[in-house]
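*Asks:* My questions will all concern the structure given below.
The values are calculated or read from the model by the stated rules, or taken from the named source; none is laboratory data. In this text the structure is predicted, and so the values were computed from the model without any measurement. All Cβ positions, glycine included, derive from the backbone under ideal geometry; neighbour counts span all protein chains shown. Each accessible area value is taken on the protein alone, full model and side chains, heavy atoms only, with ligands, DNA and RNA left out. Shrake-Rupley method; radii C 1.70, N 1.55, O 1.52, S 1.80 Å.
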Amino acid sequence: MTYIAKPPLHHPALARNKVGYTRRDYEGKVSTLCAGCGHDSISAAIIEACWEMNIEPHRVAKLSGIGCSSKTPDYFLGASHGFNTVHGRMPSVLTGANLANRDLLYLGVSGDGDSASIGLGQFAHAMRRNVNMVYIVENNGVYGLTKGQFSATADKGSKSKKGVVNADSPVDLVGLAMQLGASFVARSFSGDKAQMVPLIKAAMEHGGAAFIDIISPCVTFNNHPGSTRSYDWVREHNEAVNRIDFITPRDPITASIAPGEVVDVPQHDGSILRLRKLHTDYDPTDRVAAMSYLHERAAEGELVTGLLYVEAGADDLHTAQHTSRRPLNSLGRADLCPGAAALEKLNQAFR
Ligand SMILES: Cc1ncc(C[n+]2csc(CCOP(=O)(O)OP(=O)(O)O)c2C)c(N)n1
Ligand code: SF4
Ligand SMILES: [Mg+2]
């Protein structure tokens, strides 16, 4: 229903956040996705997180590939920068934009087809370079837009709507992200807004590649018995390892949970991820232990959700490449052409 425009005027009594915006200012166009699609719930969680984090919409750049999931940036943050890349190419376009202007908050939205099939190489390199971004995969196990073919994340043995059994092993993006060096890895479920919103907030504040795999059922092509990405299946097999509270540097830090069940993970900007452990033996700061826990639970048929791994204070791509602190678009002629003497000095350094 793209022809239905949302009314531009807001009720004057709507609550405003600290930067003066209402929640409606973080919305986008009317969604054209199927009613009940998990992707719409993720858009709602992004809107909520940005509003609560007092993010100015013009400070956000949202990039996506192709797919129902990649269409969603049209349905949130209508006043932000946006770019729809070719299928599977969001990570490289985002990396380029980020290198040119490091001052924006980069939000990459992709699908399981977009990131685990055609874009798998791009996904891998964004993770291993620790590009400072929030990378959300809206994972439904199918190519929704092209009418329900198995994607590379579909579980072996799961059934399509027409009863075809998937013979291929799945790509686990969460396990891959951890192995490749992402410094923030989480998994969530589009039916669990209470878990999604703090995870998205924490990912936005994290410096480095923050990957969130969100299981997001496709109600039209992958929500039947035999699917392992349906609402019923995920509700039955979801095993949350922790619940996070996200505390910005501006908020007073209050402890309301019994010690022993809580882990505080300070981020480099002073914010704190307060983890309420549901599984007391789970340690999200130990990459190897987190990976083996994931494998163990997967073998038991559980889908582990929550903040699975975090490395606070990790170096991102800019740190590794010693890039300019100032965004390239703010550099003037004098910075970019420092003259013959500077060129000579540089050439000497290579001799
Ligand atoms: C280069 C290229 N190859 C193939 C396609 C066809 N195509 C469009 S969307 C899509 C898959 C989308 O799946 P996913 O990323 O999981 O998104 P979903 O629709 O499930 O949210 C494919 C194969 C394309 N648009 N471009
Ligand atoms: S086809 Fe599936 S993924 Fe696409 S909008 Fe419909 S429910 Fe969502
Ligand atoms: Mg998909």
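*Asks:* For a Förster distance of 30 Å, can you work out the FRET efficiency between the beta-carbons of His237 and Lys162, rounded to the nearest 0.05? Mind showing how you got there, number by number?
*Replies:* On the way: r = 23 Å, r/R0 = 0.78.
Approximately 0.80, to the nearest 0.05.
*Asks:* How many angstrom separate the Cα center of the stretch 7-57 from the Cα center of the stretch 284-333?
*Replies:* Here the two parts' Cα centres lie 27 Å apart.
*Asks:* Here's another thing I want to ask about it. For labels at His224 and Thr32 in the simple 7 Å Cα→Cβ model, what's the distance in nm?
*Replies:* The modelled label-to-label distance comes out at 2.6 nm.
*Asks:* To continue, here is another question. Report in % the part of the accessible area of the stretch 5-64 that belongs to carbon and sulfur, leaving out ligands and nucleic acids; probe 1.4 Å. Show your work: numbers first, answer last.
*Replies:* Values: 1740 of 2910 Å².
Carbon and sulfur atoms account for 60 percent of the accessible area of the stretch 5-64.
*Asks:* While we're on this one: Taking all protein chains together and a probe of 1.4 Å, list Leu14, Leu336, Leu275 from the most accessible to the least accessible.
*Replies:* Leu336, Leu14, Leu275
*Asks:* Continuing with this model, one more query. In terms of solvent-accessible area of protein heavy atoms at a 1.4 angstrom probe, what is the ranking of Asp316, Asp232, Asp74, highest value first?
*Replies:* Asp232, Asp74, Asp316
*Asks:* Mind giving me the FRET efficiency for His125 and Ala349? R0 is 25 Å, r the Cβ-Cβ distance, nearest 0.05 is fine.
*Replies:* My answer for the efficiency is 0.35.
*Asks:* Continuing with this model, one more query. Test of understanding: in a Gaussian network model of the chain with alpha carbons linked when under 10 Å, which of Gly208, Gly306, Gly226 would top the mean-square fluctuation ranking?
*Replies:* With Cα springs under 10 Å in the chain, the top fluctuation among Gly208, Gly306, Gly226 is at Gly226.
*Asks:* Moving on. Which shape class applies to the stretch 1-135: rounded if a/c is under 1.5, otherwise prolate when a/b exceeds b/c and oblate if not, where a ≥ b ≥ c are the square roots of the Cα gyration tensor eigenvalues?
*Replies:* oblate
*Asks:* Setting aside same-chain residues fewer than 8 positions from Lys201, which aspartates and glutamates have a Cα under 12 Å from its Cα?
*Replies:* Glu48, Glu52, Asp245
*Asks:* If you don't mind, there's one more thing I want to ask. Expressed as a rounded percentage, what relative contact order does the stretch 90-153 have, with Cα pairs under 8 Å and six or more residues apart?
*Replies:* Over the stretch 90-153, the number comes to 37 percent.
*Asks:* Would you mind putting 20-32, 171-183, 135-147 in packing order, based on average other-beta-carbon counts within 10 Å, highest first?
*Replies:* 135-147, 171-183, 20-32
*Asks:* Turning to a different aspect of this structure: If each of Thr22 and Thr146 carries a label point 7 Å out from its Cα toward its Cβ, how far apart are those two points in nm?
*Replies:* Modelled inter-label distance: 4.2 nm.
*Asks:* Moving on to the next point. If the elastic network links every pair of Cα atoms under 10 Å, which of Ile118, Ile42, Ile200 fluctuates the most in the Gaussian network model of the chain?
*Replies:* Among Ile118, Ile42, Ile200, the largest GNM mean-square fluctuation belongs to Ile118.
*Asks:* Turning to a different aspect of this structure: Taking the simple approach of a point 7 Å from Cα along Cα-to-Cβ for both Asn329 and Asn101, what is their distance in nm?
*Replies:* Going by the 7 Å Cα→Cβ label model, 0.2 nm.
*Asks:* Still on this structure: Shape call for the chain from the C-alpha gyration tensor, a ≥ b ≥ c root eigenvalues: rounded (a/c under 1.5), prolate (a/b greater than b/c) or oblate?
*Replies:* Rounded is the answer for the chain, as its axis ratio a/c remains below 1.5.
*Asks:* How high is the relative contact order of the chain? Use alpha-carbon pairs under 8 Å, at least six apart in sequence, and give a whole percent.
*Replies:* With pairs under 8 Å counted, the relative contact order is 15 percent.
*Asks:* Write down the accessible area per residue of the chain in Å², having rolled a 1.4 Å probe over the full set of protein chains. Don't jump to the answer; show the numbers that get you there.
*Replies:* Details: 16490 Å² over 351 residues.
Computed with neighbouring chains in place, this is 47 Å² per residue.
*Asks:* Here's something else I'd like to know. Pick from Ala289, Ala44, Ala15: which residue has the top mean-square fluctuation in a GNM of the chain where Cα pairs under 10 Å get a spring?
*Replies:* The residue with the greatest mean-square fluctuation here is Ala15.
*Asks:* Leaving ligands, DNA and RNA out of it, report the carbon-plus-sulfur percent of the accessible area of the stretch 208-351 at a 1.4 Å probe.
*Replies:* Numbers: 4310 of 8080 Å².
Roughly 53 percent of what the probe reaches on the stretch 208-351 is carbon or sulfur.
*Asks:* In the chain, what percentage of the DSSP-assigned beta bridges are antiparallel, given to the nearest 5?
*Replies:* Of the beta bridges lying entirely in the chain, close to 40 percent run antiparallel.
*Asks:* In addition: Nearest 5 is fine: what % of DSSP beta bridges in the stretch 120-255 come out antiparallel, could you say?
*Replies:* 20
*Asks:* Follow-up. Leaving ligands, DNA and RNA out of it, rank His295, His322 by accessible area with a 1.4 Å probe, largest first.
*Replies:* His322, His295
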